[in-house]
Amino acid sequence: MEVDGSPDFFVGDGTQMPRLQYLAGFDDPNYVTVASTVESAPPSFDGNLADLEKQFPETSHFAWNDVKACGCGKPCAYTMTTCNACGASLEEVPISKSDNVFAAFVFGVKSAQKGFPYKISMRRETADVLCFDDMLALTPCHLNGISKRYYIPDCRYLMLNPSLGLKLLDELEQELMAATAEFCMNEEWKKQTFKDPSISIEEIGSKVIKSFNFPPSQFQLHIQWLVPPLAPFQHYMAEIGNHFHKNRAIPMTYMRAVLKWLKDNNKKWKVTKDTPIEDIFNFFNSKGINYLDMWNEFYQKALQDSMELANWNPSSFKYVVEEKKAYNFTVDGDKKLVKGDLQEGVDLTAVQKDDCAKLQNYGRPYTEDGKSSGTYVKRPLEPKI
């Protein structure tokens, strides 16, 4: 993956390090997290999605996803070749079915078929919109926004009604921005997260990494809303092309441009499950809305904004990782990170999982036994069409 700019970047205290290295082994007892303030609510359906389908057969067409299930537990889109949570290969992983977790959320379904509760790390709920923390957060503030009002398998279906699609995106972005503002009202979190703690909420909003995935890992339209900076490992994954994939990541700017063209020209696109995304790209390329150009601008901006805002302090990490190997490190008098000795026996997959749990705000506040907390929706949909 070719990226723009210098091969080095500067982390929070001004330390210079290569972009293809990342800090790992986070350990800071004073790290500030932002707890959800949403009042807890009980489940409204005592069962799982299979039970829901048995009781309400008409729900079957939106209860399940087609995915590749990684060994780490992440259900990945069926076109993926590498897991975007742990980096493992998916080349030999077959396509299977998984719970449409977002459908479970809106119906207030109690639990998964494996037994764990379908509680939500909720940030905002209205009659029409849910905003919640991403369970596998790539940034300290990584949210998803979904519609409660409509079943929309993926972003292509917005093209069936461009005017309504644009209105829905406005509603989702408004609630996601309000949830972001709640994070930023915590001055200690803001000071910890951004190099410049005086950054305005408007500027933060201009740097949010906003996109859709096609195909999605959950078959309900959701905005991926990532407030940079990316966590160190996740930034590295983006640098090497394992996040924001070309031809899969659909930037918000692109989707809005497509919908606006359709609306202005009084047209719709007859989307079906089998509509190739390439047909959409090719058509709108001919109308001056070039997917690759807009994707590249989105991708480069995501990397640059992440580096610009990143306030990670090297002293809070045990290792620097290069080419999948962990090393100790020092910072020299010129504030350059100096790679030290190879640290044998470090399980980087375990380290990355632990770092994710420590850096994310999903499930905050944690329970007394260190597990994530959450709630069910207050105003669930009735399971009927």
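The values are calculated or read from the model by the stated rules, or taken from the named source; none is laboratory data. Everything quoted here is computed from the prediction, not taken from an experiment. Reconstructed Cβ throughout: ideal geometry from the backbone, glycine too, with neighbour counts over all protein chains shown. Please note that ligands, DNA and RNA were not included when accessible areas were found on the heavy atoms of the full protein model with its side chains. Shrake-Rupley method; radii C 1.70, N 1.55, O 1.52, S 1.80 Å.
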| note | Counting as exposed only trypsin sites (Lys or Arg not before Pro) in DSSP loop states with no more than 16 other Cβ atoms inside 10 Å, the longest exposed-site-free span of the chain is 1-113
| field | Helix-only [θ]222 nm of the chain, DSSP H runs n ≥ 4, -39500 (n - 2.57) each, per residue, nearest 500 | value | -9000 deg cm²/dmol
| request: For SER89 and GLN55, calculate 0.36 nm times their separation in residues minus their Cα-Cα distance, and state this gained length in nm to one decimal. | output: 8.5 nm
| task | Could you pull out which residues in segment 115-133 have an amide N less than 19 Å from a spot 7 Å beyond the Cα of GLN174, following the Cα-Cβ vector? | result | 123-132
| query | If Lys and Arg each add +1 and Asp and Glu each add -1, what is the summed charge of the other residues whose beta carbon sits under 12 Å from the beta carbon of MET294? | reply | +1
| message | Here are labelled values, (i) 23.6, 89; (ii) 24.0, 73; (iii) 20.9, 68, and one is the computed Rg and Dmax of the Cα atoms in Å for what I pasted. Which one? | response | (iii)
| said: List residues of segment 287-325, by number, whose backbone nitrogen lies under 18 Å from a label position 7 Å along Cα→C-beta of GLU203. | reply: 301-312
| query | How many Å² of accessible area per residue for segment 341-385, probe 1.4 Å? | reply | 64
| remark: With 0.36 nm assigned to each residue of separation and the Cα-Cα distance removed, ASP128 to LYS267 gains 47.5 nm
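By the gyration tensor of its Cα atoms, with a ≥ b ≥ c the square roots of the eigenvalues, what is the shape of segment 30-155: rounded for a/c under 1.5, prolate for a/b over b/c, or oblate?
Oblate, because a/c is 1.5 or more while a/b does not exceed b/c.
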| note | With the 8 Å Cα cutoff and a minimum separation of six or more residues, the chain has a relative contact order in percent of 28
| request: Over segment 242-311, give the accessible area per residue in Å² for a 1.4 Å probe, as an integer. | output: 51
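Enter the accessible area per residue of segment 103-234 (Å², integer; probe 1.4 Å; all protein chains in place).
34
Net charge around SER316, counting only other residues with Cβ within less than 12 Å of its Cβ (Lys, Arg = +1; Asp, Glu = -1)?
Net charge around SER316: -2.
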| query | Suppose R0 equals 35 Å; then what is the FRET efficiency for LEU292 and SER6 from their Cβ-Cβ distance, rounded to the nearest 0.05? | reply | 0.90
| query | By Kyte-Doolittle mean hydropathy of at least -1.0 and Cα axial length of at least 20 Å, which whole DSSP H helices of the chain are selected? | reply | 162-184, 291-309
| remark: A 1.4 Å probe over the protein heavy atoms gives segment 14-166 a carbon and sulfur accessible-area percentage of 54
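SER372 to VAL32: FRET efficiency via 1/(1 + (r/R0)^6), r the Cβ-Cβ distance, R0 22 Å, to the nearest 0.05?
For R0 = 22 Å, the calculated efficiency reads 0.80.
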| task | Take the alpha-carbon centre of segment 24-74, take the same for segment 264-340, and report the distance between them in whole Å. | result | 26
| Sparse-neighbourhood loop sites, GluC sites (Glu not before Pro) in segment 322-374 - DSSP loop, at most 14 other Cβ within 10 angstrom | GLU323, GLU344, GLU368
| remark: Simple SL model, points at 7 angstrom along Cα→Cβ for ASP332 and LEU160; separation in nm is 6.1
